[in-house]
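Working notes, structure below.
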Amino acid sequence: MRSKTLLSILFLLSFISCTHSVHIVNVGDFKPYQKNTAGRKIEAKAEQWVFLGFTLETDYVNEARKELLSKCEKGTIQGPVTRISTSHGFFSWTNKAYIQALCVERS
């Protein structure tokens, strides 16, 4: 009976997030220099789920980059801001990539 209770508790704890951590924030450049009203704001997100250090999704940052590029096919991406963070859980964590930029249409 105790082992079933312990397993149930461990199972429930595995879905509870414990902490959140921001690791890297990169800020890109505006070349040529543009006002932030010169274009439209675009963003992309991607995640990687890791359990006990194992994962099958290793290109989540590239997926976010591809999504961002697809939102500005007829323009130039200016001033990208990239944030890499982690949400920790019980025996698992989720790595997150969030990219925000300005899409300036070509004339």
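Please specify each residue of the stretch 1-20 satisfying the condition of being closer than 20 Å to Trp49 by Cα, at pLDDT 75 or above and of a type outside the set (Ser, Thr, Tyr). First the steps, then the outcome.
Filtering the stretch 1-20 for residues closer than 20 Å to Trp49 by Cα gives 10-20.
So of that shortlist, the ones also at pLDDT 75 or above come out as 19-20.
Matches in the stretch 1-20: His20 only.
Among residues belonging to the stretch 90-99 that are part of a strand (DSSP E or B) and in contact with a Leu (Cβ under 9 Å, 6 or more places away or on another chain), point out the one that is nearest to Val27 (Cα to Cα). Show your work before the answer.
To start, the set of residues in the stretch 90-99 that are part of a strand (DSSP E or B) comprises 92-99.
Filter once more, keeping what is in contact with a Leu (Cβ under 9 Å, 6 or more places away or on another chain): 92, 99.
Working: Ser92: 29, Ile99: 10 Å.
Checking each candidate, the answer is Ile99.
Within the stretch 53-69, restricting attention to residues that are of a type in the set (A, V, I, L, M) and either modelled with pLDDT of 90 or more or touching a Pro at 6+ places or on another chain (Cβ under 6 Å) (or both), which residue is farthest from Asn95 (Cα to Cα)? Show your work before the answer.
Residues of the stretch 53-69 of a type in the set (A, V, I, L, M): 56, 61, 64, 68-69.
Going one step further and asking which of them are either modelled with pLDDT of 90 or more or touching a Pro at 6+ places or on another chain (Cβ under 6 Å) (or both), we end up with 61, 64, 68-69.
Working: Val61: 10, Ala64: 12, Leu68: 18, Leu69: 21 Å.
By that ranking, first place goes to Leu69.
Which count do you get for residues in the stretch 44-85 that are β-branched (Val, Ile, Thr) and free of Cβ contacts under 8 Å to residues at least 12 places away in the same chain? I'd like the intermediate steps shown before the answer.
Of all residues in the stretch 44-85, those β-branched (Val, Ile, Thr) come to 50, 55, 58, 61, 76-77, 81-82, 84.
The next check asks that each one be free of Cβ contacts under 8 Å to residues at least 12 places away in the same chain; those that pass are 55, 58.
Counting residues in the stretch 44-85 that are β-branched (Val, Ile, Thr) and free of Cβ contacts under 8 Å to residues at least 12 places away in the same chain gives 2.
Just the residues that are within 17 Å of Cys18 (Cα to Cα) and under 11 Å from the mean Cα position of the chain (by Cα), please, taken from the stretch 50-90. Step through it out loud before you land on a result.
Of all residues in the stretch 50-90, those within 17 Å of Cys18 (Cα to Cα) come to 50-53, 85-90.
Ser85, Thr86, Ser87, listed by residue number.
Listed here are the residues, each with its yes/no results for (1) surrounded by 13 or more Cβ atoms within 10 Å (Cβ to Cβ); (2) assigned to a loop (DSSP other than H, G, I, E, B); (3) among the hydrophobic types (A, V, I, L, M, F, W, C).
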{"residue": "Ala44", "(1), (2), (3)": "yes, no, yes"}
{"residue": "Thr58", "(1), (2), (3)": "no, yes, no"}
{"residue": "Val61", "(1), (2), (3)": "yes, no, yes"}
{"residue": "Glu67", "(1), (2), (3)": "yes, no, no"}
{"residue": "Thr82", "(1), (2), (3)": "yes, no, no"}
{"residue": "His88", "(1), (2), (3)": "yes, no, no"}
{"residue": "Ala101", "(1), (2), (3)": "yes, no, yes"}
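Given the criteria surrounded by 15 or more Cβ atoms within 10 Å (Cβ to Cβ), touching a Cys at 6+ places or on another chain (Cβ under 7 Å) and assigned to a strand (DSSP E or B), does Ile77 qualify?
Numbers: surrounded by 15 or more Cβ atoms within 10 Å (Cβ to Cβ): yes; touching a Cys at 6+ places or on another chain (Cβ under 7 Å): yes; assigned to a strand (DSSP E or B): yes.
Yes, satisfied.
Cβ-Cβ under 9 Å, sequence separation 6+ or interchain: first residue in the stretch 3-30 and in a helix (DSSP H, G or I), partner modelled with pLDDT of 80 or more and of a type outside the set (S, T, N, Q). Which pairs?
The qualifying pairs are Leu10/Phe91; Leu13/Gly89; Leu13/Phe91.
Within the stretch 21-51, can you find the residues that are among the aliphatic types (A, V, I, L, M) and at pLDDT 90 or above?
Just the residues of the stretch 21-51 that are among the aliphatic types (A, V, I, L, M), to begin with: 22, 24-25, 27, 38, 42, 44, 46, 50.
Ile42, Ala44, Ala46, Val50, listed by residue number.
The values are calculated or read from the model by the stated rules, or taken from the named source; none is laboratory data. Only a predicted model underlies this, so the values are computations on that prediction, with no experimental measurement involved. Cβ coordinates were reconstructed from backbone atoms using ideal geometry, including for glycine residues, and neighbour counts include every protein chain displayed.
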